[in-house]
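Notes to accompany the following structure.
The values are calculated or read from the model by the stated rules, or taken from the named source; none is laboratory data. Since the structure is predicted, the reported quantities are computational estimates derived from the model, not experimental observations. Don't worry about glycine lacking a Cβ; one is built from the backbone with ideal geometry, like all the others, and counts go over all protein chains shown. What goes into the accessible areas is simple: the full protein's heavy atoms, side chains included, and nothing from ligands, DNA or RNA. Shrake-Rupley method; radii C 1.70, N 1.55, O 1.52, S 1.80 Å.
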Amino acid sequence: MTGMPKSLDELVASFSKLPGVGKKTAERLAIYMLRSTFSDVQEFTNALTNVKTNIDIDEVSYCFK
């Protein structure tokens with residue numbers, strides 16, 4: 001993406017890896033995060049880290065059948 005800072009471009013690329021998230025949506029999410037307060041972003045990253053650290057996929061796989 002031309003003219004976009006590298007860190008923002010990397011965030012867009014990360015969001016676009018999520019299922020159902022295309023380039024435009026990934027850009028919107030990245031801009032949303034950029035406009036969010038630091039504490040809101042920290043809360044989001046903590047939630048992601050906690051899920052990955054504390055829950056095994058087998059514990060919730062029954063929810064997605």
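All of (1) under 11 Å from the mean Cα position of the chain (by Cα); (2) open to solvent by 70 Å² or more (accessible area, probe 1.4 Å) hold for T45 with one exception: (2). When residues in the stretch 1-27 are screened for being surrounded by 12 or more Cβ atoms within 10 Å (Cβ to Cβ), β-branched (V, I, T) and out of contact with any Asp or Glu (no Cβ under 8 Å at 6 or more places or on another chain), 2 of them pass.
Scanning the stretch 28-39 for residues that are open to solvent by less than 80 Å² (accessible area, probe 1.4 Å), in a helix (DSSP H, G or I) and over 16 Å from E10 (Cα atoms) turns up just one, S39.
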